[in-house]
Amino acid sequence: MVLFGESLPKKALADAQEAAATCELFFSIGTSALVEPAASLPYIAKANGAYIVEINIDRTPLSDHADEVLIGKAGEILPQIVMILERFQK
């Protein structure tokens, strides 16, 4: 976790950018999608073919670029996603 106003460690940022560039599915959860450099990560993922899911209580600048936008509290939406995935594993 990095708090507002703190710099991201360079290695952590490089690792995050690499993960974004190579993932198939990217979740953006509970962020304004405005604070750089983290705000660029979903766009890196999208440019490399990832499916983007945004979970937030409000729409953000990312919303128009995401493949799925789930409006609501992450603490309510994420357990529902887990339950659905668990059904597919059985």
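Every number here is computed from the coordinates shown, using simple stated rules; none is lab data. Note that the structure is predicted; figures quoted are calculated from it, not measured. Positions of Cβ are generated from backbone atoms using ideal geometry, with glycine treated the same way; all protein chains shown enter the neighbour counts.
Quick rundown of the values:
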item	result
Answer from Leu62, Leu70, Leu3 - the residue that is in contact with a helix residue (DSSP H, G or I) (Cβ under 7 Å, 6 or more places away or on another chain) and in a loop (DSSP other than H, G, I, E, B)	Leu62
Options Phe88, Phe27; residue that is loosely packed, with under 10 Cβ neighbours inside 10 Å, without any contact (Cβ under 8 Å) to a residue 40 or more places away in the chain and among the aromatic types (Phe, Trp, Tyr)	Phe88
Residue in the range 47-58 that is part of a loop (DSSP other than H, G, I, E, B), aliphatic (A, V, I, L, M) and closer than 23 Å to Val82 by Cα present	yes
Failed criterion for Thr31 (all others in (1) assigned to a loop (DSSP other than H, G, I, E, B); (2) farther than 25 Å from Ile81 by Cβ hold)	(2)
Selection within the range 3-44 - farther than 16 Å from Leu62 by Cβ and of a type in the set (Phe, Trp, Tyr)	Phe4
Cβ pairs under 7 Å, 6+ apart, first in the range 41-69 and exposed (fewer than 14 other Cβ atoms within 10 Å of the Cβ), second of a type in the set (Phe, Trp, Tyr)	Asp67/Tyr51
Options Glu76, Glu36; residue that is of a type in the set (D, E, K, R), within 25 Å of Leu3 (Cβ to Cβ), outside any helix (DSSP H, G or I) and without any contact (Cβ under 8 Å) to a residue 40 or more places away in the chain	Glu36
Yes/no for Ala21 being out of contact with any His (no Cβ under 6 Å at 6 or more places or on another chain) and either in contact (Cβ under 8 Å) with a residue 12 or more places away in the chain or of a type in the set (Val, Ile, Thr) (or both)	yes
